[in-house]
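**Q** Questions regarding the structure given below will be posed in turn.
The values are calculated or read from the model by the stated rules, or taken from the named source; none is laboratory data. None of the values given here were measured: they were computed from a predicted structure. Quick reminder, even Gly has a Cβ in these numbers, built from the backbone with ideal geometry, and neighbours come from all protein chains shown.
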Amino acid sequence: MRDLYLHDKIFEPYISKAEIDVAVNRLASEMVRAIPTEDTVFICVLKGAFMFFSDLMKQLGSGGRQEFIFAKSYAGTQSTGKVWLSELNADALSGQRVVLVEDIVDTGLTVNYLAGRIQEAGPLSLHICTFLFKAEVYRGLRTIDFKGLTIPNYFVVGYGLDYEEKGRSLPEIFKLKG
């Protein structure tokens with residue numbers, strides 16, 4: 001992999017497609033052992049989690065139901081400190097086992113907000129899954145039940161993650177160079 005140029009930034013290779021595949025397979029196995037996935041509602045947080053969510057659902061097979069929600073808290077490479085959220089289908093979550101599927105959890109602002117909104121719907125249980133976890137900056141109140149990879153506080157793109165809407169469709173992950 002070579003360096004990647006997006007807008008005014010340069011990104012360098014960080015996590016290969018092979019490493020991503022291993023992490024997704026491991027997460028799917030962990031989930032199957034921990035919860036009855038065939039009776040679970042999986043919520044994909046758009047836009048970033050779409051590639052991870054798709055790969056994870058393929059590994060989990062035909063069980064479960066999928067829901068989608070749009071959330072945004074970043075502008076450029078920085079968190080805005082606020083979460084914008086589309087409508088949540090609360091009726092689909094009431095009394096159900098729910099797994100919230102995120103692309104990345106850093107400070108915890110978005111995941112805490114989303115988890116709070118889901119809890120208001122009255123699920124039977126709520127688990128949180130993220131592909132990337134930035135433990136050193138996480139200040140959230142929720143336990144992250146399933147973590148794909150723990151990374152330092154790098155700004156990353158690829159595999160669903162973007163920089164100003166560029167880089168999402170890359171099959172691997174790049175980090176900001178420098």
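**Q** What number of residues within region 9-25 are closer than 26 Å to Met57 by Cα, of a type in the set (Asp, Glu) and in contact (Cβ under 8 Å) with a residue 60 or more places away in the chain?
**A** Here the count works out to 1.
**Q** While we're here: Test Asn112 against the stated conditions and say whether it is at pLDDT below 95 and among the polar types (S, T, N, Q). Break it down stepwise before answering.
**A** Details: at pLDDT below 95: yes; among the polar types (S, T, N, Q): yes.
So Asn112 passes the test.
**Q** How many residues, within region 135-146, are within 22 Å of Phe42 (Cα to Cα) and free of Cβ contacts under 8 Å to residues at least 40 places away in the same chain? Walk me through it before giving the result.
**A** In the first step, residues of region 135-146 are kept if they are within 22 Å of Phe42 (Cα to Cα); the result is 140-146.
Restricting the remaining residues to those that are free of Cβ contacts under 8 Å to residues at least 40 places away in the same chain gives 140-144.
Of the residues in that region, 5 qualify.
**Q** Looking at region 163-174, which of its residues are of a type in the set (D, E, K, R) and either in contact with a Pro (Cβ under 8 Å, 6 or more places away or on another chain) or surrounded by fewer than 14 Cβ atoms within 10 Å (Cβ to Cβ) (or both)? Even if it seems obvious, please write down each step before you answer.
**A** Step one: of region 163-174, the residues of a type in the set (D, E, K, R) are 164-166, 168, 172.
Those that are of a type in the set (D, E, K, R) and either in contact with a Pro (Cβ under 8 Å, 6 or more places away or on another chain) or surrounded by fewer than 14 Cβ atoms within 10 Å (Cβ to Cβ) (or both): Glu165, Glu172.
**Q** Right, here's the next one. Would you confirm whether any residue within region 103-110 is assigned to a loop (DSSP other than H, G, I, E, B) and crowded, with 21+ Cβ neighbours inside 10 Å? Break it down into steps so the answer makes sense when it comes.
**A** Going through region 103-110, the residues assigned to a loop (DSSP other than H, G, I, E, B) turn out to be 106-108.
Now drop any that are not crowded, with 21+ Cβ neighbours inside 10 Å, which leaves 106.
The answer is yes; a qualifying residue exists.
**Q** Taking the condition more than 16 Å from Asp162 (Cα to Cα), surrounded by 18 or more Cβ atoms within 10 Å (Cβ to Cβ) and either at pLDDT 90 or above or not polar (S, T, N, Q) (or both), does Ile69 pass? Can you show your working first?
**A** Working: more than 16 Å from Asp162 (Cα to Cα): yes; surrounded by 18 or more Cβ atoms within 10 Å (Cβ to Cβ): yes; either at pLDDT 90 or above or not polar (S, T, N, Q) (or both): yes.
Here the answer is yes, as Ile69 does meet what is asked.
**Q** Then there is this: Suppose we keep only residues that are of a type in the set (D, E, K, R) and out of contact with any strand residue (DSSP E or B) (no Cβ under 8 Å at 6 or more places or on another chain) within region 128-162. Which one would you say is surrounded by the most Cβ atoms within 10 Å (Cβ to Cβ)?
**A** Of region 128-162, the ones of a type in the set (D, E, K, R) are 134, 136, 139, 142, 145, 147, 162.
Going one step further and asking which of them are out of contact with any strand residue (DSSP E or B) (no Cβ under 8 Å at 6 or more places or on another chain), we end up with 136, 139, 162.
Values: Glu136: 10, Arg139: 9, Asp162: 18.
Step by step, filter region 128-162, then rank; the result is Asp162.
**Q** With the requirement that a residue be hydroxyl-bearing (Ser, Thr, Tyr) and either at pLDDT below 95 or outside any helix (DSSP H, G or I) (or both), what does region 1-37 give you? Steps first, answer last, please.
**A** Going residue by residue through region 1-37, those that are hydroxyl-bearing (Ser, Thr, Tyr) are 5, 14, 16, 29, 37.
Listed by number, the residues that qualify are Tyr5, Tyr14, Ser16, Thr37.
**Q** A further question follows. Taking region 74-102 as the search range and keeping residues that are surrounded by fewer than 18 Cβ atoms within 10 Å (Cβ to Cβ), among the β-branched types (Val, Ile, Thr) and assigned to a strand (DSSP E or B), which one is modelled with the lowest pLDDT?
**A** Thr80
**Q** Let me ask another. Which one of these is touching a Cys at 6+ places or on another chain (Cβ under 8 Å) and in a strand (DSSP E or B): Phe68, Phe53? Even if it seems obvious, please write down each step before you answer.
**A** Values: Phe53 fails: in a strand (DSSP E or B).
Answer to the selection: Phe68.
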